[in-house]
Amino acid sequence: MNMQPTVVALVLLLSAGAAQAQVQQTRYKVYGTGNTSCAMYAEAQKNTPEYFQYASWILGYVSAAGLYSVKELPPTESDPILATALLYCQQHPMAAIADAGEYAVQQLRQDGQ
């Protein structure tokens, strides 16, 4: 009996589960696109529906953080926020897009000090 296909299938199944478990690193429940891996955002081509979906989620996250923040976030344009999130995603492809949004918020807070 050849066990090789069974072992290969088991390894693929376990590695897929581990990759999925690593995606969400946040301390709260994340809904929708925020659960998508950073790798997907980093690979998305500008001006595609996927890019706009990821970018809109990140900008909405940053906007909500500004709304609920004790200290107002400094004003900025969308492009620097998205560039910061993209840099995070390129460096952390297994993180969730929500983590990239949180990183962008942290950077804005540092810039505003």
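Please treat every number below as a calculation from the coordinates, not as lab data. Every value quoted in this text rests on a predicted model; they were computed, and no experiment measured them.
Would you mind checking which residues have amide H under 5 Å from Ala96's amide H? H placed 1.01 Å from N; only 5 or more apart, or other chain.
When sequence neighbours closer than 5 places are left aside, the close amide H contacts are Gln25, Cys38.
Treating the stretch 24-111 as a set of equal point scatterers at the Cα positions, no solvent, please give the Debye-formula log₁₀ I(q)/I(0) at q = 0.12, 0.13, 0.21, 0.25 Å⁻¹.
-0.30, -0.36, -0.95, -1.32
Between Gln91 and Thr76, what length comes free when the chain is fully extended (0.36 nm per residue of separation minus the Cα-Cα distance, one decimal in nm)?
So the chain would gain 3.1 nm between Gln91 and Thr76.
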